[in-house]
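Student: So that we are looking at the same thing, I have put the structure below in structure tokens.
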Amino acid sequence: MEKKKWFIIIGALILLVLVGVLIAVFLLNNNSSKSKTENFENRIMTLFDNSYKYYYYLYGDIKTGDGYIEVDGVTYYYVAEDLMSVREFRELVEDTFLNTMLDSVLEVENTNEYINVDDKIYVKKTENPCKNIHEYDFSDLYYDGDDEKRYAYYNQTRTAIYNEDGIWKLGNNIYVCESEE
């Protein structure tokens, strides 16, 4: 009878350990996928923010202050707001858009042109800068897709996001200029 009692106790302990392991595995997997979801959502918002900066820098009505320089007969005005350097802008673009899109997003005409001189940024604005960039509401953001391509849905809009070498990137800029009425 004593042996039978020990077998029951040992069996119950083994069963408890197995149940504990199963619960731990479930919780770890659940937290891992929740973390992946949060990381993906953070990446989407970073991409959208970067896309806005890209559009603003190239087409926006950059604030200028007193001061200008002339280079090869072209006048550039001192930028009176905190902007990233030309190098930092290129890095932002490379982090945001697919490699196959870099030429088309960087080599565009009729945009603001920048130069850095003595750690100061100067701009030659486009002839018709955008004064009102369309604002999106991301409160209804959701997405679907797989590990290679996902679609983000927001504000009755759909944007494709691509996995390029383990990094999610946009295929194109999402912002446009609203017409002034």
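The values are calculated or read from the model by the stated rules, or taken from the named source; none is laboratory data. Keep in mind it's a predicted model, so treat the numbers as computed, not measured. Reconstructed Cβ throughout: ideal geometry from the backbone, glycine too, with neighbour counts over all protein chains shown. Protein only, heavy atoms only, side chains kept; ligands, DNA and RNA dropped before computing areas. Shrake-Rupley method; radii C 1.70, N 1.55, O 1.52, S 1.80 Å.
Student: Using a Förster distance of 35 Å, how high is the FRET efficiency between THR64 and ASP140, based on the Cβ-Cβ distance and rounded to 0.05?
Tutor: Rounded to the nearest 0.05, the efficiency is 0.45.
Student: If amide hydrogens are placed 1.01 Å from N in the peptide plane, which non-local residues have theirs closer than 5 Å to the one on CYS130?
Tutor: GLY60, ASP61
Student: To continue, here is another question. For SER85 and ASP147 in the same chain, what is the full-extension length gain: residue separation times 0.36 nm, less their Cα-Cα distance, in nm?
Tutor: Between SER85 and ASP147, full extension yields 19.0 nm more.
Student: Taking the radius of gyration and the Kirkwood hydrodynamic radius from Cα positions alone, what is the Rg/Rh ratio for the stretch 46-85, to two decimal places?
Tutor: Result: Rg/Rh = 1.07.
Student: For n ≥ 4 DSSP H runs only, could you compute -39500 (n - 2.57) per run for the chain, divide by its residues and tell me the 222 nm figure to the nearest 500?
Tutor: That calculation yields -14500 deg cm²/dmol at 222 nm.
Student: Quick one: Debye curve from the alpha-carbon atoms of the chain only, equal weights, vacuum; give me log10 I(q)/I(0) at q = 0.09, 0.13 Å⁻¹ to two decimals.
Tutor: Evaluating at q = 0.09, 0.13 Å⁻¹ gives log10 I(q)/I(0) of -0.49, -0.79.
Student: With only alpha-carbon atoms counted, please give the Rg and Dmax of the stretch 107-178, in Å.
Tutor: Expressed in Å, the Cα Rg and Dmax of the stretch 107-178 come to 16.8, 47.
Student: Ok, one more. For helix 86-96, what angle does its Cα long axis make with the longest principal axis of the chain, in degrees from 0 to 90 and rounded to 10?
Tutor: Once rounded, one gets 40 degrees.
Student: Consider a paramagnetic label point 7 Å from the Cα of VAL117 along Cα→Cβ; state which residues of the stretch 40-81 have an amide N under 12 Å from it.
Tutor: 67-79
Student: Okay, moving on. From zero outward in steps of 5 Å, how is the percent of C-alpha pairs of the stretch 71-121 spread across the bins?
Tutor: With 5 Å bins starting at 0, P(r) equals 4, 16, 24, 23, 18, 11, 4, 0.
Student: Using packing as a proxy for protection, rank 68-81, 148-161 so that the peptide with the highest average count of other Cβ atoms within 10 Å comes first.
Tutor: 148-161, 68-81
Student: Can you tell me the accessible area per residue over the chain, all protein chains present, probe 1.4 angstrom, in square angstrom?
Tutor: 69 Å²
Student: Let me ask you something else. Give me the orientation-averaged projected area of the Cα convex hull of the stretch 52-146, in nm², one decimal.
Tutor: Across all orientations, the stretch 52-146 yields a mean hull projection of 8.2 nm².
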